[in-house]
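The values are calculated or read from the model by the stated rules, or taken from the named source; none is laboratory data. Keep in mind that what you see is a predicted model, and the values were worked out from it rather than measured. Methodologically, a virtual Cβ is constructed for each residue, glycine included, from the backbone with ideal geometry; neighbour enumeration extends over all protein chains shown. Calculation scope for accessible area: heavy atoms of the full protein, side chains included, ligands and nucleic acids excluded. Shrake-Rupley method; radii C 1.70, N 1.55, O 1.52, S 1.80 Å.
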Amino acid sequence: MAPMRRRELFREVNDRIYELLATGEPDLPGEFLCECGEDCGVRVEILPSAFEALRNSGRIVRSSDCGRGGLLRRRRREPVVIGVPALS
């Protein structure tokens, strides 16, 4: 899968995870997929409120373990690293 398509797909999945958490468990963190677009497979654990703030600012979910920092730009902003990797 092309990186752009993977990024779009993971964004859609993350938006759905947010919707489910916000309506059911807004005080518990959820596991969101790193939206770097590469096949890193890292999950990021963040609260729904932090995810909402992330989206409202035009940023993407990005793992601190993802080695692709600085390669992806969205709306002329650097990608943001939020949360910590979730435990498997």
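Do the conditions hold for E31, that is, is it at pLDDT 90 or above, in contact with a Phe, Trp or Tyr (Cβ under 9 Å, 6 or more places away or on another chain) and open to solvent by less than 90 Å² (accessible area, probe 1.4 Å)? For E31, the condition - at pLDDT 90 or above, in contact with a Phe, Trp or Tyr (Cβ under 9 Å, 6 or more places away or on another chain) and open to solvent by less than 90 Å² (accessible area, probe 1.4 Å) - is not met. Selection of the range 1-11 for residues being open to solvent by less than 90 Å² (accessible area, probe 1.4 Å) and farther than 16 Å from A50 by Cα yields A2, P3, R6, R7, E8, L9, F10.
The set of residues in the range 15-38 that are among the acidic types (D, E) and out of contact with any helix residue (DSSP H, G or I) (no Cβ under 7 Å at 6 or more places or on another chain) comprises D15, E19, E25, D27, E31.
Exactly one residue out of E38, E45, E52 is part of a strand (DSSP E or B) and either surrounded by 13 or more Cβ atoms within 10 Å (Cβ to Cβ) or among the basic types (K, R) (or both): that is E45.
When the range 1-35 is filtered for residues that are part of a loop (DSSP other than H, G, I, E, B) and more than 14 Å from C66 (Cα to Cα), the ones remaining, listed by number, are M1, A2, E25, P26, D27, L28, P29. Could you list, in sequence order, the residues of the range 12-26 that are open to solvent by 60 Å² or more (accessible area, probe 1.4 Å) and modelled with pLDDT of 90 or more? Of everything in the range 12-26, those that are open to solvent by 60 Å² or more (accessible area, probe 1.4 Å) and modelled with pLDDT of 90 or more turn out to be E12, R16, E19, L20, T23.
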